[in-house]
1. Quick check on Asp45: is it outside any loop (DSSP other than H, G, I, E, B), open to solvent by 40 Å² or more (accessible area, probe 1.4 Å) and touching a residue at least 24 places away in the same chain (Cβ under 8 Å)?
2. Within the stretch 57-79, which residues are touching a His at 6+ places or on another chain (Cβ under 8 Å) and open to solvent by 30 Å² or more (accessible area, probe 1.4 Å)?
3. Here is a list: Leu158, Leu154. Which entry is closer than 17 Å to Gly55 by Cβ, among the aliphatic types (A, V, I, L, M) and open to solvent by 60 Å² or more (accessible area, probe 1.4 Å)?
4. What number of residues within the stretch 46-95 satisfy the criterion of being among the basic types (Lys, Arg) and either in contact with a Pro (Cβ under 6 Å, 6 or more places away or on another chain) or within 14 Å of Val121 (Cβ to Cβ) (or both)?
5. If you take the residues in the stretch 80-109 that are polar (S, T, N, Q) and within 14 Å of Ile130 (Cβ to Cβ), which one is most open to solvent (accessible area, probe 1.4 Å)?
6. If you go through the stretch 87-103, how many residues are assigned to a helix (DSSP H, G or I) and over 19 Å from the mean Cα position of the chain (by Cα)?
7. All but one of (1) touching a residue at least 24 places away in the same chain (Cβ under 8 Å); (2) not in a strand (DSSP E or B) hold for Ala110; state the number of the condition that does not hold.
Amino acid sequence: MHVTASQIRQDLNNFGGFGQQGYGYNVKYLYNEIGKILGMEKNYDVIIIGAGNLGSALSGYSDFARRGFKVTAIFDTDSAKIGRLIHGIKILSDRELEDYIKTNKPDIAALTLPRDAAADVAAHLVKWGIGAIWNFAPVDLRLPESVVVENIHLSDSLMRISYALKEKREKEMS
């Protein structure tokens with residue numbers, strides 16, 4: 001990470017005392033405390049809007065459950081998908097979304113939708129009580145500050161990889 005041990009200690013001290021000078025850290029205790037700082041001692045119910053390839057892949061990622069994120073429902077507009085199971089989770093109609101949210105109160109909605117639909121769906125989700133949106137649609141969502149939004153741009157990640165790979169190759173050639 002290109003930081004010194006001293007910098008890490010100083011950063012950790014911003015959250016409280018976790019170690020004892022000259023003795024270091026109890027790693028298990030530190031791991032648990034960092035988890036608390038990140039809010040990982042809680043469990044979160046997640047719904048996925050969009051049962052295409054990305055929505056299906058997210059619903060099957062087993063590491064989420066291990067970290068306290070449980071996918072509880074998947075929604076789609078495609079009548080051919082509704083009623084099918086993806087990784088043991090039944091795909092529900094988007095028409096059931098409002099009732100599901102009001103009844104089950106999920107914490108997070110993951111959007112794996114086309115660009116055109118994302119903003120409208122996000123606005124409805126907020127109106128129905130969703131407090132956090134994990135947005136994979138290729139558009140930045142502009143929502144009230146009270147809503148936590150994480151816009152994920154897969155193409156941006158590929159551009160960063162491309163740049164890093166180019167830099168690496170140029171270093172190797174010089």
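The values are calculated or read from the model by the stated rules, or taken from the named source; none is laboratory data. Everything quoted here is computed from the prediction, not taken from an experiment. FYI the Cβ positions are ideal-geometry reconstructions off the backbone, even for glycines, and counts take in every protein chain you see. Protein only, heavy atoms only, side chains kept; ligands, DNA and RNA dropped before computing areas. Shrake-Rupley method; radii C 1.70, N 1.55, O 1.52, S 1.80 Å.
1. For Asp45, the condition - outside any loop (DSSP other than H, G, I, E, B), open to solvent by 40 Å² or more (accessible area, probe 1.4 Å) and touching a residue at least 24 places away in the same chain (Cβ under 8 Å) - is met.
2. Matches in the stretch 57-79: Gly60 only.
3. Numbers: Leu158 fails: closer than 17 Å to Gly55 by Cβ.
Exactly one residue qualifies, and that residue is Leu154.
4. Step one: list which residues in the stretch 46-95 are among the basic types (Lys, Arg), which gives 66-67, 70, 81, 84, 90, 95.
This time we only want the ones that are either in contact with a Pro (Cβ under 6 Å, 6 or more places away or on another chain) or within 14 Å of Val121 (Cβ to Cβ) (or both), so: 95.
Number of matching residues: 1.
5. Thr103
6. So the first thing to find is which residues in the stretch 87-103 are assigned to a helix (DSSP H, G or I), and the list is 94-103.
Next, from what is left, pick out any that are over 19 Å from the mean Cα position of the chain (by Cα): 94-100, 102-103.
Of the residues in that region, 9 qualify.
7. Going through the list (1) touching a residue at least 24 places away in the same chain (Cβ under 8 Å); (2) not in a strand (DSSP E or B), Ala110 breaks only (2).
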